[in-house]
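Have a look at the structure below, then the notes.
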Amino acid sequence: MFDSPGTAPASPVSRFVRRRRWSLCLVGAAAVSLASGLWLVSQRLGHPAFLSGGTLFACLLLLPLIGLRRRFPMLPLGTMSTWVQVHLYTGLFALVAYLLHVPRVVADGIFEGGLSWLFLGVSASGFYGLFVSRTAPRRLTAVPGNYRFGQIGWHRQRIAELASGMLHDLQSTPAAEVLGTFYQENLHPFFTSRPGFAYVALPTGTRRRRLLAGLGRIDRYLEADTQQAAGRLAALIRMRDDLDYHFALQLRLRLWVVFHAVLSLALLLASTVHLLLVLRFAGH
């Protein structure tokens, strides 16, 4: 019950590992119980598909409840962390129930096959969401800056204004013209446009390295004041690249939530139709 005086308290990592092991054991026990129940029903010449299908449909009803919990955080319904764990392991058990329910991974027929693909799509997006929700926070904290998604557009505009203002403050000299030409051809499109789809899908530091290398190549043509301006522009390039990285990862998380929710709703509706059809023709 209580730790002995010489026993150090368990670390958060060890508690997480222990909780995950217990959760996986619980899912395994539930899967074994379902498989045993299906075997007993088949031995008594019953319809095991009713048991596996009903179990699977119950899981599909339970899984969307996390969305309702997220919309009503003020209600005393437990922590969001607990709901995430329940959602995760219920989804894992639903995958086991699905494999026990269908004769093959993708069922025959247009409607049943489409229902199978919907379920597999929801499962795949769920595993992707588990991966990205575990990795994205660590990747975001490794990059300087702490940006809210709704304010990223304002930060992007502010950086563009600072970069443009630096060029306007320079005196008209040949060195300033060199820096101004480089800005118009390379930096202005970078500072004033949003990152493209390719960058959002796979954010890399290629743009940053290319632009910084370009500034380095014209450094020999610059004078003292323009070299200082180039140094400040290099800092803004890094800041804007970090901002775009935050934008890409946060947008990816938001798009996944929408995609997973839409697929889940479509799956629940199609499963309801499937259940009604089964009940309608059960006696025939």
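Read-outs throughout are calculated quantities, based only on the coordinates presented, and are distinct from any laboratory measurement. The shown structure was predicted, so the numbers you read here are calculated from the model rather than taken from an experiment. No Cβ is skipped: glycine too gets one built from the backbone with ideal geometry, and neighbour counts run over all protein chains shown.
A few remarks follow.
- Full-stretch length increase - residue 257, residue 206 - with 0.36 nm per residue and alpha-carbon distance subtracted: 15.5 nm
- For region 226-240, putting each phi into the Karplus relation 6.51 cos²θ - 1.76 cosθ + 1.60 with θ = phi - 60° gives couplings of 6, 5, 5, 5, 5, x, 5, 5, 4, 5, 5, 4, 5, 5, 5 Hz, in residue order, rounded to whole numbers and with x for Gly and Pro.
- Residue 158 paired with residue 15, simple spin-label distance in nm, labels 7 Å along Cα-to-beta-carbon: 3.6 nm
- Surface/4 of the Cα convex hull for region 149-252, nm²: 6.1 nm²
- For the chain, averaging the sequence separation of C-alpha pairs within contact (under 8 Å, six or more residues apart) and dividing by the residue count gives a relative contact order of 21 percent.
- You can think of it this way: the chain between residue 42 and residue 79 has 9.3 nm of extra reach, that is 0.36 nm per residue less the Cα-Cα gap.
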